Amino acid sequence: MWDYTDKVMDHFKNPRNVGTIENADGTGQVGSLICGDALRLTIKVNKETEVIEDAKFETFGCASAIASSSMLTEMVKGKTLEEASRITNQDIADALGNLPAEKMHCSVMGMEALDAAIRSYRQGGKPVEFEQQEEKIICHCFNVSEEAIIKAVRLNHLKTVEDVTHFTKAGGACGRCKGEIQKILDKVNGAAPAEITSQKPYSEKTIVEKIKAVEKVLEEEIRPKLNRDGGSAELVDLAGSTVKIRLVGMCSGCVNAQATIKNFIEKTLQEKLDKSIIVEQA
Amino acid sequence: MKEIYLDNNATTRCYPQVVEAMMPYFSDKYGNASSMHTFGGQNRHAIDAARHQMAALIHAAYDDEIIFTSCATESNDAVLFSAAEAFPDKKHIITSAVEHPAVLEPCRLLESRGWRIDFIRVDEQGRFDLEELKSLIDEDTSLVSVMWANNETGTIFPIKEIAQIAHAHGALFHTDAVQAAGKIPIDVQKVGADFLSVSAHKFHGPKGIGALYVRRGARFVPYLVGGHQEKHRRAGTENVPYIVGIGKAAELAQKRLTDGSVQKIAALRDKLEKGIVAAIPDVKINGDVQNRVPNTTNISFGYIEGESILMYLNDFHVCASSGSACTSGSLEPSHVLRAMKVPFEFAHGSIRFSLSDENTEAEIDLVLKELPPIIERLRAISPFYKQRS
C-alpha cells in the first residue's frame, strides 16, 4: 500500500479538468499502454497573451498518475506558456504534498506532457508525442531517452541508478541499461569514471592498487572459469610479488588444485598484471 | 465496517481455533522439545501430533517425511539448493515460467552460478506445455520443480504427468503446492512427488511456518545446519506454538475439503465472475477456467490500470490484488500474465479475487453493485477506452 497524501487521494478521487478540449490549440501525449501509464493533455491558449485559458487531461494509470495529471491542469491554467514551461516535476509533486519515491515518474510524465503540449501549440496545434526519434534511447523497455534521464538527474539531484528508475522508469524492467544510466549519473554529477587506468608497473603499485588489480583479474578472468566446475577462488593475502589464493567450492580439495593454482591462476595473473607474480595456495 | 476480504491467495485469516491451539505453547508450555526433562520433552508429543496432521493433509506415507520450516520460501529454497548440492554432476534444472518468485529467484541464482535452467512456457490460458518439458529434459536434469496451482490465476498444472516425465529421465520432482493446499485434495503418493512445499498462512494457519515434504529415499541436503532437529534435515529449535498451529490448520483444511466448503467457495467465485462478465464490457478472464482452484478468479478490465481499481474498491473495504505494474513497484505487469501473452491493455488492468469459506453472498452482491461504476469512472478518464478497436 502506498503512502499517498490526502491531496493525491483528493485529485485521484475528484480529478479536475477531465476530458478533451475541442479544437485544442495544443495537444501533448506521453506514455503508452505498454508502459502502464499514459497522459493526453489538451490546452486552450490565448493567442494575444499566450495565457493558457483552459487545460484538460485523460490519463491511463495508477492513482498517482491520475492525481499528477489533475494537479498539472490546475497549475497551468492562467499561466503564460513561458511561465508554464518552467514547471518541473518536483513542482507537481510538491503541489500534491509529495509522492512516494517509486511514483515520481508520474510527475515526470506530467512535465513531459506539458512540454509536448506547448511544442504542439508552437507547431500550429498538431498533436505532439513527447518522445523524439532522434534522441538517444537509453532504456528500450520504457523508451526513455538520454536527455530525459539527464534532465531528471539535474532537476532532482539524483544520485543512484535506483533514483533514476523511480523518476523516469528507466532500468525498471530488464535492467540491461543500468550501466548506461550509471555512466550518465557519473557524467552529470561530475564523478570520475572508476576505471583502473593506472599504467604503473605492478611492483610500483600501492598495496591497495595491487589488491584491486588482482581482484579485478580474479573476477573477470579466473572465477568465471572455476565457477563452471562449481568452484571459485578467494584472495587471502599479498606480499611483494607473492599472491596467496584459497580455492573454494569444488576446487578445494580437488586433486588438481596445485595445477589450477600454477597453470591457470598464476599464469593468468602473470599475463594480465606482471611476469614476476607468484601464486601460492593459502 | 468489516472488510470484504477477497485476497486469500495473499494470506488468510488465522482461524481462532488455530490460535487457541497455539496459545499454551508461548508462556505455559514453553520448554524446549529437545530437553531431557518432562516439562520440555513433552512438547515433542505436540510436534509429533502436528506432523501427523500435516502428513494427513498431503497423504504422506510416513509422518517423518514432513519437515517443518519457517515458510514455503524456505521450503522451496531448500529443495533447489539441495538439488544443486546433491547432484553436482547434473547441472540442469527445469521449472516453469510462471512460478512464484520463491522458485524463480533461486533458479536464477543457480543460473548465474553456472547451472542450466529451463523455464517451461505456458499457453494463453496459462496451461503448462508438457511437450516442451519432454523436449528439454535430459540425463543432466537433476530436478523438475513445477507449482501445483498458480497463485495469480489459480490454474492447476498436470502434476502427475510432469512427475512421471521427470522420473522417466532420472530427475527428482518438486512441487510448490502453496496455492493448492487446503483448496484441492493433495496426495503426494498418487502424483509421485519427491518434494512438496506448503505454507500455513495460506490455509488459515499462522504466518512464519511452513512445511517441506521429503519422500523417504529422496536425496536431500539440508539447507539450515547447526542442530539435530527434524532429524538433522532442518536445524534450529522447534517453533512449537507455530508447529502446533500449522498442524491444527492442516486438520481443519482437510475437513473443509469434504464438508461442502469447497463447493460453497466455488459457487461464490462463479457468481462473482459471471456477475462481472455480465455487467461490465471489455473484460477478460485470465487462466484455465476448466482447471482452476475453486477460490480464484483473475479478471482483466481493459484500458484501465489495476491500482486505481483497487484504490476505489478500498473505499468499500473490499480487499483484492492486481497484477498491474504499479502495485508491484516493479514497473512491469505480472510475469504470469506476460508469460500468457495477455495484451498490455488488459494486463495492466488485472484484478485477482481470491475467496475463502468465510465470504458470503451479501459480500459478493456488494462487489457486483459497486464495481461497475468504478470501472466506468476510470474508463471515462482513460485516453485509450474511446479509441479501442
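The values are calculated or read from the model by the stated rules, or taken from the named source; none is laboratory data. Computed from a predicted model, the values in this text were never measured in an experiment. For neighbour counting, all protein chains shown are included, and Cβ atoms are generated from backbone atoms with ideal geometry for every residue, glycine included. Remember, those area values only see protein heavy atoms, side chains included, never the ligands or the DNA or RNA. Shrake-Rupley method; radii C 1.70, N 1.55, O 1.52, S 1.80 Å.
Considering every residue within the stretch A:76-84, establish whether at least one is under 30 Å from B:F346 (Cα atoms) and either within 14 Å of another protein chain (Cβ to nearest Cβ) or under 29 Å from the mean Cα position of the chain (by Cα) (or both). Within the stretch A:76-84 (the criterion being under 30 Å from B:F346 (Cα atoms) and either within 14 Å of another protein chain (Cβ to nearest Cβ) or under 29 Å from the mean Cα position of the chain (by Cα) (or both)), the answer is no, since none of the residues qualifies. Scanning for something under 30 Å from B:V19 (Cβ atoms), touching a residue at least 40 places away in the same chain (Cβ under 8 Å), open to solvent by less than 20 Å² (accessible area, probe 1.4 Å) and touching a Ser or Thr at 6+ places or on another chain (Cβ under 6 Å), does the stretch B:255-266 turn up at least one residue? Looking through the stretch B:255-266, none of the residues is under 30 Å from B:V19 (Cβ atoms), touching a residue at least 40 places away in the same chain (Cβ under 8 Å), open to solvent by less than 20 Å² (accessible area, probe 1.4 Å) and touching a Ser or Thr at 6+ places or on another chain (Cβ under 6 Å). Set side by side, the residues B:E345, B:E305, B:E363 differ, and just one is modelled with pLDDT of 95 or more and in contact with a strand residue (DSSP E or B) (Cβ under 9 Å, 6 or more places away or on another chain), which is B:E363.
Checking each residue in the stretch A:45-62 for being acidic (D, E) and surrounded by 19 or more Cβ atoms within 10 Å (Cβ to Cβ) picks out only A:E58.
Only one entry in A:N143, A:N156 is touching an Asp or Glu at 6+ places or on another chain (Cβ under 8 Å), outside the structural domain of A:G31 (by TED's automatic domain parsing) and open to solvent by less than 50 Å² (accessible area, probe 1.4 Å), namely A:N156. Taken over the stretch B:138-172, the criterion of being over 30 Å from B:G306 (Cβ atoms) and open to solvent by 10 Å² or more (accessible area, probe 1.4 Å) is satisfied by B:D138, B:E139, B:D140, B:K160, B:E161, B:Q164, B:I165, B:H167, B:A168, B:H169, B:G170, B:L172. Highlighted here are the strands (runs of 3 or more DSSP E) found entirely within the stretch A:203-282 that include at least 2 residues which are open to solvent by less than 50 Å² (accessible area, probe 1.4 Å) and free of Cβ contacts under 8 Å to residues at least 40 places away in the same chain: A:231-239, A:242-249. Residue count for the stretch B:177-195 satisfying the condition of being touching a Leu at 6+ places or on another chain (Cβ under 8 Å) and under 20 Å from B:V98 (Cα atoms): 4. Checked against the criterion of being touching a Pro at 6+ places or on another chain (Cβ under 6 Å) and of a type outside the set (K, R), the stretch A:147-164 contains not a single residue that satisfies it.
Each row is one residue, and each column tells you yes or no for (1) among the hydrophobic types (A, V, I, L, M, F, W, C); (2) assigned to a helix (DSSP H, G or I); (3) in contact with a Gly (Cβ under 6 Å, 6 or more places away or on another chain).
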| position | (1), (2), (3) |
| --- | --- |
| A:I138 | yes, no, no |
| A:C141 | yes, no, no |
| A:E147 | no, yes, no |
| A:R154 | no, yes, no |
| A:L158 | yes, no, no |
| A:E162 | no, yes, no |
| A:H166 | no, yes, no |
| A:A170 | yes, no, no |
| A:I184 | yes, yes, no |
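If the condition is being touching a residue at least 60 places away in the same chain (Cβ under 8 Å), under 24 Å from B:Q254 (Cβ atoms) and either assigned to a loop (DSSP other than H, G, I, E, B) or open to solvent by 10 Å² or more (accessible area, probe 1.4 Å) (or both), then the stretch B:34-67 contributes B:A46, B:A49, B:R51, B:H52, B:Q53, B:A56, B:H59, B:A60, B:A61, B:Y62, B:D64. State all residues of the stretch A:59-95 that are touching a Lys or Arg at 6+ places or on another chain (Cβ under 6 Å) and modelled with pLDDT under 95; if no residue qualifies, say none. Across the stretch A:59-95, the qualifying residue is only A:S64. Sort through A:R16, A:R40 and tell me the only one that's part of a loop (DSSP other than H, G, I, E, B), within 13 Å of chain B (Cβ to nearest Cβ) and among the charged types (D, E, K, R). One residue alone meets the criteria, A:R16.
Matching residues to (1) surrounded by fewer than 16 Cβ atoms within 10 Å (Cβ to Cβ); (2) more than 27 Å from the chain's Cα centre (by Cα); (3) under 22 Å from B:K271 (Cα atoms):
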{"site": "B:S350", "(1), (2), (3)": "no, no, yes"}
{"site": "B:N359", "(1), (2), (3)": "no, no, yes"}
{"site": "B:E363", "(1), (2), (3)": "no, no, yes"}
{"site": "B:L368", "(1), (2), (3)": "no, no, yes"}
{"site": "B:I375", "(1), (2), (3)": "no, yes, yes"}
{"site": "B:P383", "(1), (2), (3)": "no, yes, no"}
{"site": "B:Q387", "(1), (2), (3)": "yes, yes, no"}
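Being farther than 30 Å from B:S135 by Cβ, in a helix (DSSP H, G or I) and out of contact with any Pro (no Cβ under 7 Å at 6 or more places or on another chain) holds for only one residue in B:G182, B:G247, and it is B:G247. Screening A:V108, A:V76 for residues that are among the β-branched types (V, I, T), in contact (Cβ under 8 Å) with a residue 24 or more places away in the chain and either closer than 21 Å to B:P333 by Cα or in the same structural domain as A:A148 (by TED's automatic domain parsing) (or both) leaves exactly one candidate, A:V108.
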